[in-house]
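Just below is one structure, and these are the notes that go with it.
The values are calculated or read from the model by the stated rules, or taken from the named source; none is laboratory data. The model shown is predicted, which means the values in this text are computed figures rather than measured ones. Neighbour counts run over all protein chains shown; Cβ positions are idealised from the backbone, glycine included.
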């Protein structure tokens, strides 16, 4: 059986922070590792305990897939370095590991892979050149979910992640801002927030968009109390509380016609 070519790595950032490079399967596939210098590349190899350091692109030219790890602001420069490397790039996939805007591929086959938050090596999403998917699945190994985002799907994924991460944190902070003004122990406040989220998640999983929202009692009194202690929070509260009804519509079984 013909041996598959190893995976190359271009490292211009913190490789230990990359969820992709924490994968044992990815590390096992690594071959040549290039960085700003041979010394830095050797340090990366020691950190990952995988691959071997190289000084130029000669050995990387034999690889079909090149993983690239760099800060957002360095990704474009990394692609420029590849363009000027003299390698034949038409038969290679450059896979950027991490967040940030996908740079203009300018004729190269560029994809990006990211970990789905909270799944710790079990679910990744890929956008960009979808032809890289088969090789990326092989590198990630068996039992790993890989979702391919096409066209306008990437902003929708990012919006969902922002709602689940930033949105839920903002809701937690707003509830905590109200509760910490009361004579409630912080540990009890944390428990209340945790239980509320747990109940909301279970209700959502059971009913999805048919879930019945709890009624809002005495909204005027709540708004008056919030305006007295935090006017900005009061305005945010009013917008958030009006949103679910408009978005989800009338609960299933309501009397509206």
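This table checks each residue for (1) within 22 Å of residue 117 (Cβ to Cβ); (2) touching a strand residue (DSSP E or B) at 6+ places or on another chain (Cβ under 9 Å); (3) exposed (fewer than 11 other Cβ atoms within 10 Å of the Cβ).
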site: 142; (1), (2), (3): no, no, yes
site: 192; (1), (2), (3): no, no, no
site: 197; (1), (2), (3): yes, no, no
site: 213; (1), (2), (3): no, no, no
site: 217; (1), (2), (3): no, no, yes
site: 222; (1), (2), (3): no, no, no
site: 230; (1), (2), (3): no, no, no
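Hey, does segment 151-159 have a residue that's closer than 20 Å to residue 30 by Cα and without any contact (Cβ under 8 Å) to a residue 12 or more places away in the chain? Within segment 151-159, none of the residues are closer than 20 Å to residue 30 by Cα and without any contact (Cβ under 8 Å) to a residue 12 or more places away in the chain. For beta carbons closer than 7 Å, sequence separation of 6+ or different chains, a first residue in segment 107-125 that is assigned by TED's automatic domain parsing to the domain that holds residue 77 and free of Cβ contacts under 8 Å to residues at least 12 places away in the same chain and a second that is surrounded by 20 or more Cβ atoms within 10 Å (Cβ to Cβ) and assigned to a strand (DSSP E or B), there are no qualifying pairs.
Within segment 36-89, the residues that satisfy the criterion of being in contact with a strand residue (DSSP E or B) (Cβ under 8 Å, 6 or more places away or on another chain) and assigned to a loop (DSSP other than H, G, I, E, B) are 50, 51, 54, 55, 56, 57, 59, 63, 64, 70, 89.
Could you please let me know if residue 180 is surrounded by fewer than 13 Cβ atoms within 10 Å (Cβ to Cβ), touching a helix residue (DSSP H, G or I) at 6+ places or on another chain (Cβ under 8 Å) and either over 25 Å from residue 16 (Cβ atoms) or at pLDDT below 90 (or both)? Answer is yes for this residue.
In segment 61-81, how many are touching a helix residue (DSSP H, G or I) at 6+ places or on another chain (Cβ under 9 Å) and surrounded by fewer than 20 Cβ atoms within 10 Å (Cβ to Cβ)?
1
Note on segment 90-102: among residues that are at pLDDT below 90 and in contact with a strand residue (DSSP E or B) (Cβ under 7 Å, 6 or more places away or on another chain), the one that is farthest from residue 21 (Cα to Cα) is 102.
Being under 13 Å from the mean Cα position of the chain (by Cα) and on the phi < 0 side of the Ramachandran plot is a property that residue 116 has. The set of residues from segment 15-44 being in contact (Cβ under 8 Å) with a residue 12 or more places away in the chain and more than 16 Å from residue 70 (Cα to Cα) comprises 23, 24, 25, 26, 27, 28, 29, 30, 31, 32, 38.
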